[in-house]
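The values are calculated or read from the model by the stated rules, or taken from the named source; none is laboratory data. Treat the numbers as computed from the prediction; the structure is a model and nothing was measured. Cβ coordinates were reconstructed from backbone atoms using ideal geometry, including for glycine residues, and neighbour counts include every protein chain displayed. Heads up: the accessible areas ignore ligands, DNA and RNA and are worked out on the full protein's heavy atoms, side chains in. Shrake-Rupley method; radii C 1.70, N 1.55, O 1.52, S 1.80 Å.
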Amino acid sequence: MVQSHIHLGKNHVAGNVMVFFCSNNNVPNVQPCPADGGTVTGTITAANVLAIATQNVTAGDFDPLTEALSSNTAYADIHTMKFPAGEIRGQIHRAEDEHHGHDHDHDHDHDHDHDHDHDHDHD
């Protein structure tokens, strides 16, 4: 792994890097990536948020990151030596969106259709 980060961008749209998970490209204040793969752990703080002038994000402002993460407008990207432009991209979704694959709030009315008690007489 060469670097990994979160971009600000909707599905199928390229966006700029908001925060790094890790990098081996001498990015200041970013931990190195494990060269042969592995796990990266840490805590992302406001100090990690990069400026993206074209997308109205100010360096150090944590709110745009949390908004992007909660509105399906962020994706994670992993770059490797074999694929320096990016090997894996995964859109970040809220957990409840994963369950239904679409807007969770519209499913509530239909869920009750399955909760009826049925009394049947069996002889």
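Would region 81-94 turn up any residue that is surrounded by 10 or more Cβ atoms within 10 Å (Cβ to Cβ), at pLDDT 95 or above and on the phi > 0 side of the Ramachandran plot? Checked region 81-94: no residue is surrounded by 10 or more Cβ atoms within 10 Å (Cβ to Cβ), at pLDDT 95 or above and on the phi > 0 side of the Ramachandran plot.
Residues in region 53-94 that are of a type in the set (Val, Ile, Thr) and out of contact with any strand residue (DSSP E or B) (no Cβ under 6 Å at 6 or more places or on another chain): Thr54, Val57, Thr58, Thr66, Thr73, Thr80. Just one residue in the set Asn25, Asn11 is in a loop (DSSP other than H, G, I, E, B), without any contact (Cβ under 8 Å) to a residue 40 or more places away in the chain and at negative phi; that residue is Asn25.
For region 48-69, give me each residue that is open to solvent by 50 Å² or more (accessible area, probe 1.4 Å) and in a helix (DSSP H, G or I).
Ala53, Thr54, Gln55, Phe62, Asp63, Thr66, Glu67, Leu69
His5 fails exactly one of the following numbered conditions: (1) farther than 16 Å from Gly90 by Cβ; (2) under 16 Å from the mean Cα position of the chain (by Cα). What is the number of that condition? Result: His5 fails condition (1) only. Residues in region 8-39 that are open to solvent by less than 80 Å² (accessible area, probe 1.4 Å), under 22 Å from Asp63 (Cβ atoms) and under 16 Å from the mean Cα position of the chain (by Cα): 10 in all.
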